[in-house]
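Down below is the structure, laid out as structure tokens.
Any read-out appearing in this document is the output of simple, stated calculations on the displayed coordinates, not a laboratory observation. Since we're looking at a predicted model, the values are computed, not measured. Please note: Cβ atoms are built from the backbone with ideal geometry, for glycine as well, and neighbour counts cover all protein chains shown.
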Amino acid sequence: MNIIKRTVLFVLAVVFTALFPLRGSADMVIMKDEKRIKGVVVEDYRDRIVFSTIDGEIWIMRKKIERIIYDLEEQNFTSLAYYYQDREQYRKAYYYYEKALAVNPDYKEAKQGLSYTEIYIQQTGRRLKLDELKRRNEETEWNKMGGIVYLEKKTSEGPIEAQAERELGLTLKAVNGVYVVSKVTFNSPAKRAKIKKKDILVAAWGRLLAYMEPEDVFKKLLTSGIMDIHVTIERPYFLNLSRGKDSYDAIIGGKLAFTEMEGLKFIEVYEDGSARKKGIKKDDIVVKLQDRSTRYMSFKEVEQIITSRKGDSLSLKIKRNVVIWREKE
């Protein structure tokens, strides 16, 4: 191995260690051909994962994976919950979300998943009872009329996309596996949640939506009985930075910090700063700075990028958690 390659691998190892200092070891992917790969699962989709290794990021399709062993116990339980939820086995999913929260009560993905499955289970039980009551009433009417029954034909709710536009005021368009907001209806739940056209719908209830089938995406958004729909959006911002300031936080108008599970995050937004003026909020996650991913940046590098743009503009891509309050059915 030449000196340049050894140097590159050493730098990657340092960055990898700096990014995940609280992890005891690493995640492990066991492939169906028995090959084992160590690294960190950085994006977890229904049909694939993005896996960060010492040699860089790789995409691995789930059909090639036998098993994933996460370093964090709460992730192992949440992964099992996702498995059962994707197969509509909601009671088993609920059980594993509870196990994840017993380990880490603050684990956001498990919190949101538990809320979703709990309401889904409740609504399923309610629907079953109503269906049984309806069936019995229809049998009674059948008997009363001597075996002849005239049932009112109900109109269909129509395509699920139309239902989403009608109930949420939201139209989505799949672009290269990603769901982009193509329309937001005036005075709708989506509009009141301040969702905008061209926002990317990243996740619903903590579950990443990219590469999902449209029917599965809309199902998460339209489950009967759920009034507060928890989604994550991604949106670009362009800030005009202060000229006469020296520290990065004064220039950008807020404090940033790296968190283990979410990455670079605004932990404070100043009242009269550039960030607030453009609509950035506390807890917004910065996924890109000047079109560069922040995933493998050191904090020093973040500061350098911001201070180098002093008196100029700075582009950011922000990820934000939003609640859409659905109107009562």
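What the table shows:
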quantity: Segment 216-234 residues near the modelled Gln163 label - backbone nitrogen below 14 Å, point 7 Å along Cα→Cβ; calculated: 216-226
quantity: Cross-link pairs Lys194/Lys277; Lys99/Lys194; Lys197/Lys281; Lys220/Lys277; Lys198/Lys278 - those with Cα-Cα distance over 23 Å; calculated: Lys99/Lys194; Lys220/Lys277
quantity: Extension gain, Tyr83 back to Met61 (0.36 nm per residue minus Cα-Cα distance, nm); calculated: 6.5 nm
quantity: Chymotrypsin sites (Phe, Trp or Tyr not before Pro) restricted to DSSP loop in segment 167-248 with at most 10 other C-beta within 10 Å; calculated: Phe186
quantity: Sites Ser224 and Lys198 - FRET efficiency at Förster radius 30 Å, r taken between beta-carbons, to 0.05; calculated: 0.55
quantity: Stokes-Einstein diffusion coefficient of segment 236-319, Kirkwood radius over Cα pairs, 10 °C, 1.306 mPa s, in µm²/s; calculated: 129
quantity: Given Lys38/Lys63; Lys108/Lys319; Lys191/Lys319, the pairs whose alpha carbons are separated by over 21 Å; calculated: none
quantity: Ranked Ile58, Ile200, criterion: other C-beta atoms within 10 Å, fewest first; calculated: Ile58, Ile200
quantity: Proxy reagent accessibility, fewest Cβ within 10 Å first, across Thr307, Thr117; calculated: Thr307, Thr117
